[in-house]
Amino acid sequence: MTYRFHVLLLLLATVGALASCESTTGTTPAPFDSTIVNTGDRALFIVDEGHFQSNNSSMDAIVFRTTTAVDTVSHKDVLTGLGEGNDIWLVGNRAYILDNGGQIVIANADSLKKIGSIPLGITQPDKMALIGAGRFVVTERSGSSAKVVDVNAAKIVDSLPVADGSVCVGVLAGKVFITSEPSTSRGSMSVFDANSKALINTISLDANPEDLVVDSVHNQIIVGCSGDYNMVAPSAAFIDASNLAVKKKITLGAVGDQFAFVLGPQLYVLVSSAALVVDLSTYANAAVPIPGGNSYYNGIYDAKTNALYLGRTNYTSAGTVDVFDATSMKIRWSFKTGIAPAHFAFYH
């Protein structure tokens, strides 16, 4: 009896102490809040292509805080296990990631959480462009058409015939521009009416039209062609979106050079460890060395901070993004990512 009495006193004392502590410190649990990117914050989403067929493609996020003492927070592996992340678009608070494995993955841009995916049932989807509310044109390298996907209905609702496989896509001035590779020595671009989906014209290009950016300020489509890797050097064609005339064509380097476009107030063409800076009106251009001697795979221009975010070329280990002042080309800072940081999108 004495033992039980002492145990009871001990339990009562413990309960009393806890109650006293609870009443004086107010430890009532706060409601769960899944928001990571707040209204006043910005975020940069980075899709890492990975080592191709290894399913180690991923997506990271860098959050620029305005509401806490922590200025910049890195969120690694927001998404993992992608076949090969090939493109990303931000629409509202949704991030749409095109996966070469045959799907569009959807993430909430506020919580940084995957909320769904859309199986495409097509092979080698390569790039996508917004054609209407909730609708994307998705290219398919090994198919005979580009597909129109309604992300709200989660299904393919239309197609645009491109017999030789579709690679890059852009939408401007009521038209859809889709590149293809009909042979090893010749490229082409099909132009469709965005509403009727009717073919308007086909434009002949150099071999391997592998990059395309939409310059809405100057009403032009810029297509980058890799050439034939034998005799023809890489080139860029500047095409008027209204009359479809090729306004200018410039060489981008030596035969076999790899390149990538980054569109800002000028066109930055990443070629090895240099940037060919091209004026979008006069097409005057000059090569500008990038400090550090690194080769860059792709990047994005940030108009709010006049910065270039460039992902280093590296297909085997954790990647790095270097941030440069877009005017002086002096490096500001760097951060780590997944393998081969290749596709970028700002939120807010």
- [ ] Just one of (1) outside any loop (DSSP other than H, G, I, E, B); (2) in contact (Cβ under 8 Å) with a residue 40 or more places away in the chain trips up Val167, so point out which.
- [x] (1)
Task: Leading residue by the ranking (nearest to Gly132 (Cα to Cα)) among those in the range 180-218 that are among the charged types (D, E, K, R) and outside any strand (DSSP E or B) - done: Lys197
Task: Qualifying strands (runs of 3 or more DSSP E) (wholly inside the range 264-312; at least 2 residues being open to solvent by 60 Å² or more (accessible area, probe 1.4 Å), over 15 Å from Ser334 (Cα atoms) and in contact with a strand residue (DSSP E or B) (Cβ under 9 Å, 6 or more places away or on another chain)) - done: 285-289
- [ ] Take the range 194-213 and flag every residue that is in contact with a Lys or Arg (Cβ under 9 Å, 6 or more places away or on another chain), open to solvent by 50 Å² or more (accessible area, probe 1.4 Å) and free of Cβ contacts under 8 Å to residues at least 40 places away in the same chain.
- [x] Ser204
Task: Residue count, the range 116-142 (criterion: farther than 13 Å from Thr179 by Cα, touching a Ser or Thr at 6+ places or on another chain (Cβ under 7 Å) and open to solvent by less than 50 Å² (accessible area, probe 1.4 Å)) - done: 1
TODO: Taking Val223 as the residue in question, decide whether it is open to solvent by less than 10 Å² (accessible area, probe 1.4 Å), among the β-branched types (Val, Ile, Thr), over 23 Å from Tyr268 (Cα atoms) and modelled with pLDDT of 95 or more.
DONE: no
- [ ] Quick one: Lys248 ticks every box in (1) assigned to a strand (DSSP E or B); (2) under 19 Å from the mean Cα position of the chain (by Cα); (3) not hydrophobic (A, V, I, L, M, F, W, C) except a single one, so which number is it?
- [x] (2)
Open item on the list: Can you find a residue that is among the hydroxyl-bearing types (Ser, Thr, Tyr), at pLDDT 95 or above and more than 19 Å from the chain's Cα centre (by Cα) anywhere in the range 263-273?
Closed with: no
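What residue, among those in the range 95-115 that are part of a loop (DSSP other than H, G, I, E, B) and within 15 Å of Leu82 (Cα to Cα), is most open to solvent (accessible area, probe 1.4 Å)? It would help to see each step written out before you state the result.
Keep residues of the range 95-115 that are part of a loop (DSSP other than H, G, I, E, B), which gives 100-102, 109-112.
Those left that are additionally within 15 Å of Leu82 (Cα to Cα): 100-102.
Details: Asn100: 34, Gly101: 64, Gly102: 12 Å².
In this case the residue turns out to be Gly101.
The values are calculated or read from the model by the stated rules, or taken from the named source; none is laboratory data. For clarity, every value in this text was computed on a predicted model and none was experimentally measured. Positions of Cβ are backbone-derived with ideal geometry, glycine not excepted, and every protein chain shown enters the neighbour counts. Only protein heavy atoms, including side chains, enter the accessible area calculation; ligands, DNA and RNA are left aside. Shrake-Rupley method; radii C 1.70, N 1.55, O 1.52, S 1.80 Å.
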